[in-house]
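Presented below is the structure to which this report refers.
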Amino acid sequence: MEYRWALEVQDLWFSYNGTADVLRGVNLRVEKGLLTMLLGRSGSGKTTLLKVVKGLLKPQKGALTVLGVPFAGERKSASREVAYIPQNLGLVRNLTALENTLTGALGRSGPFLSLLKVFSKETVEEARECLALLGLEGKHQEKAYNLSGGERQRVAIARALMQRPRLILADEFVSQLDPVMGFEIMEMVREIARKGVSLLITTHEMGIAARYGDRAVVMKEGMVVYEGTPYEVGEEGMLELLR
Amino acid sequence: MTKRQLVTRLVYLLVAGAAVVSLAGMGLLDPVEIARAVARLGSFVGDLFPPNPTVLPTLARAMGETVQIAFVGTLLGFLFSFPLAFLAAQNLFGITVTGPVRFLLGIVRTIPSLLWAVVFVVAFGLGPAAGALGVAFYTVGYLGKLYYEAFEGVDPEVVEAVKSVGGTRLQLLVYAVLPESANALVSQFLFMFEYNIRSSTIMGFVGAGGIGFYMLGYLQLLQYRNLLTALLLTLAVVMAVDYASGKLRALVLPAVPRRTRS
Ligand SMILES: Nc1ncnc2c1ncn2[C@@H]1O[C@H](COP(=O)(O)OP(=O)(O)O)[C@@H](O)[C@H]1O
Ligand SMILES: [Mg+2]
């Protein structure tokens, strides 16, 4: 289906408890095929926004159009083409890198054979390719709990790619890695965007946003206060916005 | 003195008063009665010794039956508690499903295995089948609760991540909830088996098989030396099973760090 924006959010409101609004009328458009960095101080509502977009939380009010499809209420993860990588990655520690990657294909695998951990040859091949693409050839059979932080990060990307996504949502994606590893991973992510996948990545680090973001969005107290390119505002301006 | 202190003292006083009244009512504050009881206990302990090894072959067979009751009961209980725990986990199903299942588990759990055994003696007649079913029912209630709590203890991010790929609930179970809670499941199964070995030893009291039948008989026939033999055998088996399951636990459960980052 043809669509103009990867994601359109209009006047989105969300509250966890019904009294304190965490999202207070968010307006946002995410461009197709670009890497958009979502900045904001801790508690500004970035994680909540991603979960609402993914359909894990149901907004009280507002309109959401994901990949050109308007989405009312708690849409069943018909959003198979929207991959979500939570802040702590959500890898299954007792499964291997390959098994974790294969879970990305669950949505399009036979619901019964997959319960026996049987995947088609092509699917397994695709998972191996994904891992290879991310430089994890030798780690297929390693359990997730034995992997380093950077390796785990890459397994999470591989799992997302197995969904054959058109939009990837990633929360605080490289915030817990050392800077060199973080840049390395961001380079890989940029490659993914160059292949036409749209990405929305939250961070609280301006350096990462300025360096890798094609676009930058700044959130403050549950609202979007800036949408544009990172270099239009510059780091000084961004700091001012975040304050 | 503040009001709060006053109330606290009043509560202490009430508890102490209730304790004295209850003890006196049971005759536990009568020194003469206590002296007599101690004397009787002394002669009872004297009558226990020495244990009588000639009954060992009979008892060993009965003890074997007790272990079987515990084993079959735990296994059956596990098979039924597992799907029920799945349906009772609030991170997998809504309250309309989890509510009734939890209620059912709660009821099953309230009734001790000995009482279940009585019910099954009525239904199946005397013998270990009734004992095993009694143990199984109690296990369903208890293990069911331990298991749904283990399921709910799984890192919510892992559940969200696997939910997000658009899989079914069964896939969520197989790919996220089970591998993440596997250690707890194995560990609680072994715990349940140890517990059930103990409760199976008294199944014979109600005719539901195992060594309890002989214990009760020796007690009623005042054959205290035989009784001691049965008790010692039970103790040895319970300790052996605890030891073995401890070893097994160490063998199957690797030391997995809770969460690894960078
Ligand atoms: N599960 C929750 N229940 C209640 N309040 C929450 C929950 N998660 C987050 N919040 C609150 O919502 C606000 C926004 O949180 P979050 O979306 O995590 O912000 P960010 O990701 O930008 O740090 C915070 O005030 C936080 O305390
Ligand atoms: Mg956050």
Within the range A:130-154, considering residues that are of a type in the set (S, T, N, Q) and in a loop (DSSP other than H, G, I, E, B), the one nearest to the other protein chains (Cβ to nearest Cβ): A:SER148
Please list, ordered by first then second residue, the pairs with beta carbon atoms under 8 Å, 6 or more apart or interchain, first in the range A:186-205 and in contact (Cβ under 8 Å) with a residue 12 or more places away in the chain and under 18 Å from A:LEU89 (Cβ atoms), second more than 16 Å from ligand 1 (Cβ to nearest atom) and open to solvent by 70 Å² or more (accessible area, probe 1.4 Å). A:MET186/A:ARG211
If the Cβ limit is 7 Å and pairs must be 6+ apart or interchain, which residue in the range A:83-95 that is among the charged types (D, E, K, R) pairs with which residue that is open to solvent by less than 10 Å² (accessible area, probe 1.4 Å)? A:ARG93/A:ALA144
Taking the condition open to solvent by 20 Å² or more (accessible area, probe 1.4 Å), touching a residue at least 60 places away in the same chain (Cβ under 8 Å) and assigned to a loop (DSSP other than H, G, I, E, B), does B:PHE93 pass? yes
Members of the range A:167-181 that are farther than 30 Å from A:GLY68 by Cβ and charged (D, E, K, R): A:ASP178
A:GLU125 vs. criteria under 25 Å from A:LYS32 (Cβ atoms), without any contact (Cβ under 8 Å) to a residue 24 or more places away in the chain and either away from chain B (no Cβ under 14 Å) or of a type in the set (Gly, Ala, Ser) (or both): no
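When you look at A:ILE157, is it within 25 Å of A:ARG80 (Cα to Cα), of a type in the set (Val, Ile, Thr) and assigned to a helix (DSSP H, G or I), yes or no? Even if it seems obvious, please write down each step before you answer.
On the way: within 25 Å of A:ARG80 (Cα to Cα): yes; of a type in the set (Val, Ile, Thr): yes; assigned to a helix (DSSP H, G or I): yes.
Criteria met by A:ILE157.
Based on this model, can you work out whether B:THR2 counts as loosely packed, with under 10 Cβ neighbours inside 10 Å and farther than 30 Å from B:THR234 by Cα?
Values: loosely packed, with under 10 Cβ neighbours inside 10 Å: yes; farther than 30 Å from B:THR234 by Cα: yes.
For B:THR2, the condition - loosely packed, with under 10 Cβ neighbours inside 10 Å and farther than 30 Å from B:THR234 by Cα - is met.
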Looking only at the range A:160-185, filter to residues that are touching a residue at least 60 places away in the same chain (Cβ under 8 Å), part of a loop (DSSP other than H, G, I, E, B) and crowded, with 23+ Cβ neighbours inside 10 Å; which one of those is nearest to ligand 2 (Cβ to nearest atom)? A:ASP171
Go through the range A:206-243 and report how many residues are free of Cβ contacts under 8 Å to residues at least 60 places away in the same chain and in a loop (DSSP other than H, G, I, E, B). 2
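Could you say which residue among B:GLY99, B:GLY106, B:GLY42, B:GLY77 is open to solvent by less than 50 Å² (accessible area, probe 1.4 Å), of a type in the set (Gly, Ala, Ser) and within 28 Å of B:GLN223 (Cα to Cα)? Break it down stepwise before answering.
Working: B:GLY99 fails: within 28 Å of B:GLN223 (Cα to Cα); B:GLY106 fails: within 28 Å of B:GLN223 (Cα to Cα); B:GLY77 fails: within 28 Å of B:GLN223 (Cα to Cα).
From the options B:GLY99, B:GLY106, B:GLY42, B:GLY77, the qualifying one is B:GLY42.
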Can you tell me which residue in the range A:2-54 is farthest from the chain's Cα centre (by Cα), limited to those that are on the phi > 0 side of the Ramachandran plot and more than 8 Å from ligand 1 (Cβ to nearest atom)? A:GLY18
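Filter the range A:107-120 down to residues that are assigned to a helix (DSSP H, G or I), farther than 27 Å from A:THR47 by Cα and more than 7 Å from chain B (Cβ to nearest Cβ), then give me how many there are.
Looking only at the range A:107-120, we keep the residues that are assigned to a helix (DSSP H, G or I), and these are A:107-108, A:113-116.
Still in the running and farther than 27 Å from A:THR47 by Cα: A:113-116.
Checking which are more than 7 Å from chain B (Cβ to nearest Cβ) leaves us with A:113, A:116.
Selection size over the range A:107-120: 2.
Checking the structure you have, find out if any residue of the range A:66-73 is within 11 Å of another protein chain (Cβ to nearest Cβ), modelled with pLDDT of 85 or more and more than 16 Å from ligand 2 (Cβ to nearest atom).
To start, the set of residues in the range A:66-73 that are within 11 Å of another protein chain (Cβ to nearest Cβ) comprises none.
No: zero hits.
For every residue, the table says whether it meets (1) more than 9 Å from every other protein chain (Cβ to nearest Cβ); (2) free of Cβ contacts under 8 Å to residues at least 12 places away in the same chain.
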site	(1), (2)
B:TYR142	yes, no
B:TYR148	yes, no
B:VAL162	no, no
B:ARG169	yes, no
B:VAL174	no, yes
B:ASN183	no, no
Can you list residue pairs whose Cβ atoms sit under 7 Å apart, with the first residue in the range A:42-54 being within 11 Å of chain B (Cβ to nearest Cβ) and in contact (Cβ under 8 Å) with a residue 12 or more places away in the chain and the second being near ligand 2 (Cβ under 8 Å from one of its atoms) and among the acidic types (Asp, Glu)? Count only pairs 6 or more apart in sequence or on different chains. A:THR47/A:ASP171; A:LEU50/A:ASP171
Take the residues in the range A:30-47 that are more than 8 Å from ligand 2 (Cβ to nearest atom) and more than 23 Å from A:GLU235 (Cβ to Cβ), then tell me which one is surrounded by the most Cβ atoms within 10 Å (Cβ to Cβ). A:LYS32
Looking across the range A:88-106 at residues that are within 7 Å of chain B (Cβ to nearest Cβ) and open to solvent by 10 Å² or more (accessible area, probe 1.4 Å), the single one that is nearest to A:GLY55 (Cα to Cα) is A:ASN88
Is it the case that A:GLU137 is free of Cβ contacts under 8 Å to residues at least 24 places away in the same chain, open to solvent by 50 Å² or more (accessible area, probe 1.4 Å) and in contact with a Phe, Trp or Tyr (Cβ under 9 Å, 6 or more places away or on another chain)? no
Can you find a residue that is assigned to a loop (DSSP other than H, G, I, E, B) and more than 16 Å from ligand 2 (Cβ to nearest atom) anywhere in the range A:121-129? no
Residues in the range A:39-50 that are of a type outside the set (Ser, Thr, Tyr) and either out of contact with any helix residue (DSSP H, G or I) (no Cβ under 8 Å at 6 or more places or on another chain) or modelled with pLDDT of 95 or more (or both): how many? 5
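Look through B:TYR138, B:TYR148 and report the one residue that is surrounded by 22 or more Cβ atoms within 10 Å (Cβ to Cβ) and within 16 Å of the chain's Cα centre (by Cα). Show your work before the answer.
Values: B:TYR148 fails: within 16 Å of the chain's Cα centre (by Cα).
Sole residue among the options that is surrounded by 22 or more Cβ atoms within 10 Å (Cβ to Cβ) and within 16 Å of the chain's Cα centre (by Cα): B:TYR138.
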When the range A:210-220 is examined, which residues are found to be more than 15 Å from A:ALA6 (Cα to Cα), within 14 Å of ligand 1 (Cβ to nearest atom) and surrounded by 24 or more Cβ atoms within 10 Å (Cβ to Cβ)? A:VAL218, A:MET219
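The values are calculated or read from the model by the stated rules, or taken from the named source; none is laboratory data. Just so we're clear, the structure is a prediction, and the values are computed from it rather than from any experiment. Cβ: placed from backbone, ideal geometry, glycine included. Neighbour counts: every protein chain shown. Ligands, DNA and RNA are stripped out before the accessible areas are found, and what is left, the full protein with its side chains, is counted by its heavy atoms. Shrake-Rupley method; radii C 1.70, N 1.55, O 1.52, S 1.80 Å.
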